[in-house]
Amino acid sequence: MLSLPEALLNPAVYPHAVEQVELIETHLSWVFLTGDYVYKVKKPVHFDFVDFSSLARRRYFCTEEVRCNRAFAPELYLGVVAIVPAEASGDGAMNWVVQPLTDANQGHALEYAVRMQQFDGALQADHLLAAGALEPSEMRRFGARLASQHAQLPVLNRPYDAGEAILDNFTTLRGTAVGQTLPQIQQLQDVAQKQLETFDGLLKARHAARCVRECHGDLHLSNLARLQDGLTAFDCLEFDEDLRNIDFWCDAGFLFMDCCVRQREDLAYAFVDGYLDAGGDYQGVQLLPMFADYRSVVRAKIAALRYEQTGADEDQSRLLMHLDWPLHRQDRPLGALWVMCGLSGSGKSYWAERLVPTMPAIRLRSDVLRKATHGLDRLQPSGSEVGEGIYQAHHSAALYESLAQHAAPLLTQGEHVLVDAACLRQAQRQTLYDVAHAVGAKVHLIYCTAPEGLLRKRIQSRAQIGTDPSEADQAVLDWQLDHFELPGADEPVVTVDTSAMSVERLLQLLHAD
């Protein structure tokens, strides 16, 4: 009788037409590519981190893999199939057959597999990046998609300890032969311990606020593909619920880190910008540096374990790269604060979105934060008149205080922060200047201008498209024209005519400032 991998290389065992079968083998699975469909069989292995040793466990984790991944890629994950005995042919090649899993055949199954829709491997995000075909705009759209998916995931209703997984990595690293000789490991553990102490209260508050959910758990570029609906996450971590039930930013931090380590910070920050713009989680994003560091150490651990097995220079280089990257980030100077300013329709958000990946920076957007603060979705109308409702003076003052409070911890961690707000009052701008001065960061004001006719045309066009959280209309612009306090000569201002400007020229102006 043929072994399972040998048998499933025969096109005749599948319930559909197959010309040839390609096998991809990992330390956990055999993956059979048949042209239209993929069949993923779990190996009967038992490691410290996963137990697939029994047929019942393999069936259970196949079911879990389909269930978990359907939250991210329902179009890919088609179900679980049974691999059952069949009549052997003369050459012994036909002693297995793949069938849809039913009550009738589950008692006869010799093995189980996850059945997936096959896609072109060249569309995997790491391959797209290597080919120079992955753009910040695409990553930004995926960030927004992920934020929406995260909001629908099951909430963790039991204790959550982010530090356990973070610190376990260092124990594993020290257990490797190469890990015993690397001083970076203790340095990174000291950093991680300090981060966990700093954010202990925030982590607990976010757990209470339902921000710890059953996430993807293994969200990096190799587990992202360009499908019909855009970039789509797949192959989530099904075999350890503790590593899957995590804070949103622990999930997002993996992809952020993976882009940064590959020297594509533009993709990383565009992804984060899309996530923030869709969900408004401006408090949680201060956890991003800690979780990105953690994810890099995870990759270092995997490289160390592989290096013990292979002794390959490639694995050693990967280990050192993933240890050095978070250490270099600890040496970053304070971030700079960039403040947008201008009337509605002047192009503040348009230019801010394009500046984010080039600076790179984390954008705090007043329109999104205002809606989130009042329990509204980003596109949900507030029903407020000019200067009333959520736009009353005391609400606006509190909004700018909140923007400043969110900016401060990011600046101290070395992140550039771009505040995307009208900042029509000098007092509003001063609130932001004060927080930069308090932490010792540089501050710049980007004052966007355009002819009034163009302002009105842009506002009308934005309303017709209906995808922007801003509620500014012609009446709001009329009010702003009467009440705008122009930036003074003592403010750190760069004036930008957005009716005649390119991103390249704007960057030149900002760098010259």
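The values are calculated or read from the model by the stated rules, or taken from the named source; none is laboratory data. The structure displayed is predicted, hence computed values, not measured ones. All Cβ positions, even for glycine, are placed from backbone atoms using ideal geometry, and neighbour counts span all protein chains on display.
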I'd like the residue in the stretch 23-56 that is without any contact (Cβ under 8 Å) to a residue 12 or more places away in the chain and over 30 Å from the mean Cα position of the chain (by Cα) and, out of all such residues, is surrounded by the most Cβ atoms within 10 Å (Cβ to Cβ).
SER53
Inside the stretch 268-293, can you point out the residues that are surrounded by 24 or more Cβ atoms within 10 Å (Cβ to Cβ) and hydroxyl-bearing (Ser, Thr, Tyr)?
TYR269, TYR275
Which ones in the stretch 234-267 are crowded, with 24+ Cβ neighbours inside 10 Å, of a type in the set (A, V, I, L, M) and part of a helix (DSSP H, G or I)?
ALA252, LEU255, MET257, LEU267
Hey, which of the strands (runs of 3 or more DSSP E) in the stretch 6-92, taking only ones fully inside, have at least 3 residues that are closer than 12 Å to TYR112 by Cβ?
37-42, 77-85
Okay, helices (runs of 4 or more DSSP H) sitting entirely in the stretch 127-225 with 3 or more residues that are among the hydrophobic types (A, V, I, L, M, F, W, C) and over 30 Å from LEU379 (Cα atoms), I get 162-174, 184-198
Which residues, counting only those in the stretch 235-252, are aromatic (Phe, Trp, Tyr) and under 30 Å from ALA113 (Cβ atoms)?
PHE239
Of everything in the stretch 222-233 that's among the small types (Gly, Ala, Ser) and closer than 14 Å to GLY143 by Cβ, which residue is surrounded by the most Cβ atoms within 10 Å (Cβ to Cβ)?
ALA233
Which residues, taken from the stretch 268-286, are out of contact with any Gly (no Cβ under 8 Å at 6 or more places or on another chain), part of a helix (DSSP H, G or I) and at pLDDT 95 or above?
ALA268, TYR269, GLY284, VAL285, GLN286
Residues that are in contact with a helix residue (DSSP H, G or I) (Cβ under 7 Å, 6 or more places away or on another chain) and closer than 30 Å to GLU22 by Cβ: does the stretch 149-162 have at least one?
no
Based on what the data block shows, is GLY143 assigned by TED's automatic domain parsing to the domain that holds GLU265 and either on the phi > 0 side of the Ramachandran plot or exposed (fewer than 14 other Cβ atoms within 10 Å of the Cβ) (or both)?
no
In the stretch 189-207, the residues that are surrounded by 14 or more Cβ atoms within 10 Å (Cβ to Cβ) and either over 17 Å from PHE291 (Cα atoms) or of a type in the set (Gly, Ala, Ser) (or both):
ALA192
Just name the residue that is surrounded by the most Cβ atoms within 10 Å (Cβ to Cβ) out of those in the stretch 467-506 that are of a type in the set (A, V, I, L, M, F, W, C) and under 15 Å from GLY347 (Cβ atoms).
VAL496
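Every residue, every condition in (1) aliphatic (A, V, I, L, M); (2) surrounded by fewer than 20 Cβ atoms within 10 Å (Cβ to Cβ), yes or no:
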position: PRO154; (1), (2): no, yes
position: ILE166; (1), (2): yes, no
position: GLN187; (1), (2): no, yes
position: ARG210; (1), (2): no, yes
position: HIS220; (1), (2): no, no
